[in-house]
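See below for the structure under consideration.
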Amino acid sequence: GKMAQDMTEKELLKMELDQLKKEVKNERQMVSKTGKELKEYVESMAGEDPLLKGIPEDKNPFKEKGGCTIS
């Protein structure tokens, strides 16, 4: 597709309208309910979260393979 800056105002408005038509179908829920559910989910998954518990050195795909020596 075209970049937003290359689009006419009419095209941009049509794109926004299409997005709103999709969003209006979403089921709405109270934040007080979903926030509690989200918190419980996050807490239940915390034990598996690599950002919290870290990654074992041998399983880390981003670990440096060897180093460089300056002589």
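Brief remarks on what is shown
- Boolean, Glu40 is modelled with pLDDT of 95 or more and under 21 Å from the mean Cα position of the chain (by Cα): yes
- Any hit, segment 5-15, residues being in contact with a helix residue (DSSP H, G or I) (Cβ under 9 Å, 6 or more places away or on another chain) and open to solvent by 90 Å² or more (accessible area, probe 1.4 Å): yes
- Single condition Gly67 does not satisfy, out of (1) open to solvent by 90 Å² or more (accessible area, probe 1.4 Å); (2) part of a loop (DSSP other than H, G, I, E, B): (1)
- Considering residues of segment 41-59 that are small (Gly, Ala, Ser) and part of a helix (DSSP H, G or I) only, the residue least open to solvent (accessible area, probe 1.4 Å): Ala46
- Residues within segment 21-40 that are exposed (fewer than 10 other Cβ atoms within 10 Å of the Cβ) and part of a helix (DSSP H, G or I), tallied: 6
The values are calculated or read from the model by the stated rules, or taken from the named source; none is laboratory data. Because the structure is a prediction, the values reported are computed rather than measured. When we count neighbours, we look across all protein chains shown, and the Cβ atoms used for this are built from the backbone with ideal geometry, even at glycine. Areas reflect the complete protein model, heavy atoms only, side chains present, ligands, DNA and RNA absent. Shrake-Rupley method; radii C 1.70, N 1.55, O 1.52, S 1.80 Å.
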